[in-house]
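The structure under discussion appears below in the form of structure tokens.
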Amino acid sequence: MTNSFPNPIRVMLVDDHAMVRRGLATILKIFDDFELAGEAENGLAAVQLCDKTVPDVVLMDMVMPEMDGASATRIICEKYPQVQVIALSSFKEGDLVKNALEAGAIGFLMKDVSADELARAIRAAHAGRATLSPAAAQALVDTANQPPTPGLDLTEREREVLALMVEGLNNTQIAGKLTVSPSTIKSHVSNVLAKLGVASRTEAVTLALRNRIIS
């Protein structure tokens, strides 16, 4: 199909569902300033197709077999900095949004986006401007406001001590195992309890198991 627009924005579609790609392709046809540059069913195929077509904008699904959207986005953005990627997803988990943006995506939209909203996002991306759907923005805020995972600030030695506490060893036994004095272990245990925000060894062990602090 020959596009009547002099310099149409060439858009590549990446989604593992053919029906989704067909729906997106239909939306592109509504607007004179868009041209379908190609379709890929997973991240790996997207990277390969990008090598051949070098589109202006890629609409990238995030959850796909072979290679996920974030991995494909990272590769495409590194190889072709001029190509803009908009992440499209049915899921609005904060980590998914964060991973997409960190990989280099310029936008994140939900798949229930309207044709006009999608068109505006594609034009904005082509002009180097970011677009984030309200649901994606809220997911990012929610993720940022979550309390940090407990145990991230434990030293390597404190982790060792905690692991032995999980095994049920007392301070004297831990001291013997690590060949240090019991008073040193007592100090480590105090630090572990303080950093985990708990009052007892039992609470520390429970928290360690629940949050998989000890591998």
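Readers should treat all values here as calculations from the given coordinates under stated rules, not as data from a laboratory. Note that the structure is a prediction, hence the values are computed from the model and not measured. In this analysis, Cβ positions are derived from the backbone assuming ideal geometry, glycine residues included, and neighbour counts consider all displayed protein chains.
Computed from label points 7 Å out along Cα-Cβ, the spacing between Val63 and Thr202 is 3.9 nm. In this simple spin-label approximation, Ala18 and Gln173 carry label points 7 Å from Cα along the Cα→Cβ vector, and these lie 6.1 nm apart.
Taking GluC sites (Glu not before Pro) as exposed when DSSP calls them loop and at most 16 other C-beta atoms lie within 10 angstrom, the chain has its longest site-free stretch at 94-166.
Taking only Cα atoms, what is the 0 to 90° angle, nearest 10, from helix 115-126's long axis to the longest principal axis of the chain? Its long axis makes an angle of about 80 degrees.
Do any trypsin sites (Lys or Arg not before Pro) in region 1-102 lie in a loop, going by DSSP, with at most 11 other beta-carbon atoms within 10 Å of their beta carbon, and if so which? Within region 1-102, no trypsin sites (Lys or Arg not before Pro) qualify (loop, at most 11 other Cβ atoms within 10 Å). Taking 0.36 nm per residue of separation and subtracting the Cα-Cα distance, full extension of the segment from Asp32 to Asp153 would add 38.1 nm. Spin-label model, Asp116/Thr184: points 7 Å from Cα along the beta carbon direction are separated by 7.0 nm.
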